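Take a look at the structure below.
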Amino acid sequence: MQRSLFSYIWRYSKPEQVVILILVVLAQVFYFLSLSVPKSIVNNGISGNAFKDTHTIPFLVWEFDLSAIFPGKVIRILDGFQVDQLDYLIIMSFIFLAAVIVNGQFKRSINTQKGRMGERMLRRLRYELYDRILRFPPAHFRKVKQAELATMIKDEVEPLGGFIGDAFVQPMFLGGQALTAIIFIMMQNLLLSVIVLVLLGAQMVIIPRLRKPVLLLGRERQLSARLLAGRIAETADGYQEIHVHGASNWERADISERLGHIFRIRFDLYNKKFVAKFWNNILSQATPFAIYLVGGYFAITGHMDVGAVVGVLLAYKDLPSPIKELIDWDQQRQDVQIKYEQVIDQFQPEGMLDEELQVVPDGPPPPLGHELVLSGVTVSEDGRVKQLDAVTLTLETDAKIAVIGGAGSGKDVLGQVLARLVPPSGGSIKIDGNDYGRLPEYILGARTAYVGQETYLFPLSVRDNLLFGLKHRPIAPARYDDDARMRREAFWKEAERAGNPPFDPNADWIDYELAGATGPADLLPCIVKVLKQVEFDEDIYSLGLRGAIDAEQRPDLVEKILKVRHVLHGRLQQPDYASLVEPFNADRYNGNLSVAENLLFGTPVGKDFDGDNLAADPYMQTVLRELGLDRDLLRMGLSIAETMVELFSGLSPDNPLFEQYSFISADELPNVRLLLQRLGGKGAEAVPEADRVRLTTLPLRYIEARHRLGLIDAAMQDRLLAARRAFRAGLPPPLQDSVEFYDFGRYNDAATLQDNILFGRLVYGQAQADQRVGTLIRQVLDELALRDSVIEVGLDYNVGVAGKRLAATQRQKLGIARALIKRPQFLVVNEAVAVFDGRTQDRIRDHILEAADGRGVVWIANRPAQAEPFDQVIVMQGGKIAAHGTKAELEARGGLYAELMASA
Amino acid sequence: MNLNEEVEILKRVPLFSKVELAKLKLIAFTGERMTFGPGQEVCHQGEPGDAMYVILGGVADVLIDTPTGPLQVAQLKKNGFFGETAILCDAPRNATIQANESLLTLKISKDMFYRLVSEIPSMAIEMMRELALRVEDTNRKLSEATAHKAA
């Protein structure tokens, strides 16, 4: 990247800058006109100087006087016409107006084009910086803070975008304006113009000097803000350590110190800025002072006409702002240049990956090659400690090799070198005679796979994470209708103007062939197979049951799920399962649902009827009031409150029983007790308005079968059912989307797959009801061959930031699955199974070996015993290969191999 | 069965006989009521235990694994309780409990059990008495058995 911002801008925006410059020059003509016309208006139109001797004057005469070259030769193009003084005034005034409007139009057009150019350049710069992140050498990521990278690309280059539009145009435009004004003043009076020039000169020398410290402080501010962003990200990353070590106040001290530092910089900045501003104002006002004094004197003494003085004043009125802006521009230039340098310095680390390594392939990736030869490979960060020490090794990419060794033996570094994650600092790696380091990344990505001890997952769905390694190039373009296609094409054209690649993320990037599928239709079986290999299918299946689908998107699946519901409810009639589930029945009160759920009889969508909002909802309140249920609920609320006070009063507030069982939190309990005391048994009528909603929420949470306070008898059930019907019948249209009513024949979008299948609630207090019904659901799903469909729904589960919504073992399984689905020709598993228990480790290893039929696996073993089923074993010690051979050979030799095996 | 009826039953359980009414209500309210069908196992010998049970209705068989198969050693009836040893000693279940007929129990989780015992001393004493009686009973049976063998 260019060191100078100016040459960077010039290089990428030359044609646009030229167009804008031409516009700027043209604009000056009209600008000059808007200055000179007022003079004619005052002198001729108002004072009538030109009309002193004659009634009319010729107007709009356009002729070229060539008498200097050809004596007496005058070419007249327009004859013009005669005007009197009033006509002249009117015409000239309109010309003035027109000049102002044209001038304004020019300004608008120039500004728009500048803006577009600036935004394009900003886009280019941001893209280029991001592109560089993708090409950073892996080791560099240990040195940079991610938050700082983000701030630089997002915030720090932002002012550059604003400046880029002005980089060349502003000095030209403003300089042109200033020059025009000065020339105009010069034409009026030389002495005045000299005074103006001297004063301007003083401004241009003094102001930048005053602003120098402001610039320096600005740089400091930028650096401190970047560090602050880094620190904040550290706090978020290290939250566990901060809590575990009780170090939050240490962190507070650090941040307060930094904020204090930033405050000092910013306050200094204000001080210095306003001092500069003060002097700027004084100096710019000194000029009109001089014009008034000197110009006035000339006018009085008759050396100048009044119109000229007014003209000079007008010209001057416009002069300080271009001059001031010019000074501003110069300051901005320095400021932005500093920012630019500071940013790009961070983006050119040593050992950037070559652009050619990341080319976009135009066809399927070629095979990897067969023979990988490491000769004298050394890895050392500082040149002294050698993690790998002159390793020489030849291996076939289709061999099954285990690497064993103690901690610090270098076996993990060997794995990283084989996956090209760590470049060797000495020696060479060749694949079939070619430099392994020059192999394009897409071949490496498609033909090899690597799983380390930790897996990073993107905050996307399980599916997107799983298929991440299949996206090397767009396989099939996205389909657009004509309109959308046109918009997309304009979008790509614009992308190319800003030097961005016209890739389409909407295209299908998944390389199905790599996964062993022919297209999207038969990808699912491949996914399920891989999930089974890492024993993750069961988890995804459970996630699928807890997931939801959009009925409109998947009408086929919805139909099948409704079928499952039917079959399941048939099975639930069998004596074995009777009384385990209470189905939703619109005409019956469901004792295993809360009162609120019984009233709503559906799944709340959005916030209107969710949780405790139901009691506060005006529509629900109306329904209850009309049926007289509000009083009953209040009475139930009082009864629950009394019971809770009786039951929980003696317990300490931190008793977990509160949280698990009480309707009222420990903090609230004293208030409720006070309320009850105030009421003194006067009943529901006496409850103050303010406490009613709170008391009404209590019975709404009440589940008869669970809480067993005997509050809901048959009569009460009937009244609640009446309220359920009234609520549904009168639901106003704006609220109709707020609830999805239970309906046996319909799929409920708002509920999970499992709830849709169950269409009822597990009955409280039935031993193992959960497991038994769960097993039954699975059984029915299996019978209808829907297991894979449920897994498909589970694949939509979002894994959260860095995959934190999954357990560590699940993340690792997904990481391994992501490598396996590519069916890599050469797979490196670098102690990737260490998080699992011993048996699972061995099982997953066997699955991987089984799946890698005819393809290569390098297994960096976390336990030497894992080497058991491999053809070859490499024994490492101290960064060197201590032994290499088949198991039988190594056993015969004994030594370190035998030692390691004995220790396992 | 609502809470008050449950409390009436709990009152007659010796383990809770000295517990005041309000606490009894709390036990009933926070305890989980569990129904087991005939033949269903409440807990299995050797598995870790996380709760004790009070029988509110029905009969449960106490089975112990022997080389020749499970052997029924006792029956528990209404008001009886079981499962306390596993949670007191953090030991695996020392017997299998199987519902003989439809069995209604109050399940008291380990956490809750410790809380109740620490907040209600009379319950701890009652439990000690019951455990002591069981030891006494076992000793008696043992001496009878040895006498029998000797004879």
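Please tell me if A:Leu721 is open to solvent by less than 60 Å² (accessible area, probe 1.4 Å), touching a Phe, Trp or Tyr at 6+ places or on another chain (Cβ under 9 Å), assigned to a helix (DSSP H, G or I) and in the same structural domain as A:Leu614 (by TED's automatic domain parsing). When the stated conditions are applied, A:Leu721 passes them.
One residue is enough: does segment A:571-580 have a residue meeting the conditions within 14 Å of another protein chain (Cβ to nearest Cβ), under 20 Å from B:Thr30 (Cβ atoms) and among the hydrophobic types (A, V, I, L, M, F, W, C)?
no
When the residues of segment B:20-38 are filtered to those that are open to solvent by 30 Å² or more (accessible area, probe 1.4 Å) and more than 18 Å from A:Phe648 (Cβ to Cβ), the one that is farthest from the other protein chains (Cβ to nearest Cβ) is B:Pro38.
Just to check your reading of the model, which residue among A:Leu210, A:Leu215, A:Leu197, A:Leu190 is open to solvent by 40 Å² or more (accessible area, probe 1.4 Å), in contact with a helix residue (DSSP H, G or I) (Cβ under 6 Å, 6 or more places away or on another chain) and either in the same structural domain as A:Gln331 (by TED's automatic domain parsing) or farther than 30 Å from A:Lys39 by Cβ (or both)? Walk me through how you get there before you give the answer.
Details: A:Leu215 fails: open to solvent by 40 Å² or more (accessible area, probe 1.4 Å); A:Leu197 fails: in contact with a helix residue (DSSP H, G or I) (Cβ under 6 Å, 6 or more places away or on another chain); A:Leu190 fails: in contact with a helix residue (DSSP H, G or I) (Cβ under 6 Å, 6 or more places away or on another chain).
When all the criteria are applied, what remains is A:Leu210.
Collect the residues in segment B:100-151 that are β-branched (Val, Ile, Thr) and either buried (at least 18 other Cβ atoms within 10 Å of the Cβ) or free of Cβ contacts under 8 Å to residues at least 12 places away in the same chain (or both), keeping them in residue-number order.
So in segment B:100-151, the residues β-branched (Val, Ile, Thr) come out as B:105, B:108, B:117, B:120, B:125, B:135, B:138, B:146.
Selection gives B:Thr105, B:Ile108, B:Val117, B:Ile120, B:Val135, B:Thr138, B:Thr146.
With respect to A:Val595, determine if the residue is more than 41 Å from the chain's Cα centre (by Cα), among the hydrophobic types (A, V, I, L, M, F, W, C) and open to solvent by less than 10 Å² (accessible area, probe 1.4 Å). In short, yes. In segment A:264-279, is there at least one residue being closer than 30 Å to A:Val312 by Cα, open to solvent by 100 Å² or more (accessible area, probe 1.4 Å), modelled with pLDDT under 85 and assigned to a helix (DSSP H, G or I)? Checking segment A:264-279: at least one residue is closer than 30 Å to A:Val312 by Cα, open to solvent by 100 Å² or more (accessible area, probe 1.4 Å), modelled with pLDDT under 85 and assigned to a helix (DSSP H, G or I). Screening A:Ala99 with (1) at pLDDT below 85; (2) farther than 25 Å from A:Ile20 by Cβ; (3) in a helix (DSSP H, G or I) gives one miss only, at (2).
Among the residues making up segment A:498-536, a single one is touching a residue at least 12 places away in the same chain (Cβ under 8 Å), out of contact with any helix residue (DSSP H, G or I) (no Cβ under 8 Å at 6 or more places or on another chain) and small (Gly, Ala, Ser): A:Ala507. Restricting attention to segment A:641-653, the residues that are away from every other protein chain (no Cβ under 11 Å) and either among the β-branched types (Val, Ile, Thr) or without any contact (Cβ under 8 Å) to a residue 40 or more places away in the chain (or both) total 2. Taken together, the residues in segment B:86-119 that are within 27 Å of A:Pro653 (Cα to Cα), within 14 Å of chain A (Cβ to nearest Cβ) and in contact with a Phe, Trp or Tyr (Cβ under 9 Å, 6 or more places away or on another chain) amount to 3. State all residues of segment A:697-718 that are more than 14 Å from chain B (Cβ to nearest Cβ) and open to solvent by less than 20 Å² (accessible area, probe 1.4 Å); if no residue qualifies, say none. If the condition is that a residue be more than 14 Å from chain B (Cβ to nearest Cβ) and open to solvent by less than 20 Å² (accessible area, probe 1.4 Å), then A:Thr697, A:Leu698, A:Pro699, A:Leu700 are the ones that fit.
Could you check how many residues of segment B:1-13 are away from chain A (no Cβ under 12 Å) and either over 20 Å from B:Met52 (Cβ atoms) or open to solvent by 60 Å² or more (accessible area, probe 1.4 Å) (or both)? First the steps, then the outcome.
Step one: of segment B:1-13, the residues away from chain A (no Cβ under 12 Å) are B:8-13.
Imposing the further condition that a residue be either over 20 Å from B:Met52 (Cβ atoms) or open to solvent by 60 Å² or more (accessible area, probe 1.4 Å) (or both) reduces the set to B:8, B:11-12.
Residues flagged as away from chain A (no Cβ under 12 Å) and either over 20 Å from B:Met52 (Cβ atoms) or open to solvent by 60 Å² or more (accessible area, probe 1.4 Å) (or both) within segment B:1-13 amount to 3.
For first residues located in segment A:673-695 and at pLDDT below 85 and part of a helix (DSSP H, G or I), partners that are open to solvent by 30 Å² or more (accessible area, probe 1.4 Å) and of a type outside the set (Val, Ile, Thr) and lie 6+ apart or on another chain with Cβ distances below 6 Å form the pairs A:Leu679/A:Ala686; A:Ala684/A:Arg631; A:Ala684/A:Arg635; A:Val693/A:Ala616. For A:Ala750, are the conditions met, namely being in a loop (DSSP other than H, G, I, E, B), in contact with a strand residue (DSSP E or B) (Cβ under 8 Å, 6 or more places away or on another chain) and either of a type outside the set (Lys, Arg) or assigned by TED's automatic domain parsing to the domain that holds A:Asp610 (or both)? Here the answer is yes, as A:Ala750 does meet what is asked. Of all residues in segment A:801-821, none satisfies the criterion of being open to solvent by less than 50 Å² (accessible area, probe 1.4 Å), farther than 17 Å from A:Gly452 by Cα and either part of a helix (DSSP H, G or I) or not assigned by TED's automatic domain parsing to the domain that holds A:Ala832 (or both).
Considering each of A:Leu368, A:Leu395 in turn, give the residue that is part of a loop (DSSP other than H, G, I, E, B), under 14 Å from A:Thr448 (Cβ atoms) and open to solvent by less than 20 Å² (accessible area, probe 1.4 Å). Checking each option against the conditions leaves just A:Leu368. Across segment A:654-675, which residue is farthest from the other protein chains (Cβ to nearest Cβ) among those that are among the hydroxyl-bearing types (Ser, Thr, Tyr) and either in contact with a Pro (Cβ under 8 Å, 6 or more places away or on another chain) or surrounded by 15 or more Cβ atoms within 10 Å (Cβ to Cβ) (or both)? So the residue we want is A:Ser662.
Reported count of residues in segment A:599-640, each being in contact (Cβ under 8 Å) with a residue 24 or more places away in the chain, in a helix (DSSP H, G or I) and not aliphatic (A, V, I, L, M), is 8.
For the residues B:Asp65, B:Asp50, B:Asp90, the requirement of being on the phi > 0 side of the Ramachandran plot and open to solvent by 20 Å² or more (accessible area, probe 1.4 Å) singles out B:Asp90.
One line per residue, one yes/no per condition, for (1) over 30 Å from A:Arg11 (Cβ atoms); (2) among the acidic types (Asp, Glu); (3) open to solvent by 60 Å² or more (accessible area, probe 1.4 Å):
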site	(1), (2), (3)
A:Ser47	yes, no, yes
A:Ile57	yes, no, no
A:Ile69	yes, no, yes
A:Gly80	yes, no, no
A:Phe94	yes, no, yes
A:Ile110	no, no, no
A:Met121	no, no, no
A:Tyr127	no, no, yes
A:Ile133	no, no, no
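Go through the residues of segment A:676-696 one by one and say whether even a single one is within 14 Å of chain B (Cβ to nearest Cβ), within 47 Å of the chain's Cα centre (by Cα) and open to solvent by less than 60 Å² (accessible area, probe 1.4 Å).
no
Within segment A:332-353, if we keep just the residues that are over 17 Å from A:Tyr130 (Cβ atoms) and part of a loop (DSSP other than H, G, I, E, B), the residue that is least open to solvent (accessible area, probe 1.4 Å) turns out to be A:Gly351.
The values are calculated or read from the model by the stated rules, or taken from the named source; none is laboratory data. Note that the structure is a prediction, hence the values are computed from the model and not measured. Positions of Cβ are generated from backbone atoms using ideal geometry, with glycine treated the same way; all protein chains shown enter the neighbour counts. When the accessible area is computed, the model is the full protein with side chains, heavy atoms only, and any ligands, DNA or RNA have been set aside. Shrake-Rupley method; radii C 1.70, N 1.55, O 1.52, S 1.80 Å.
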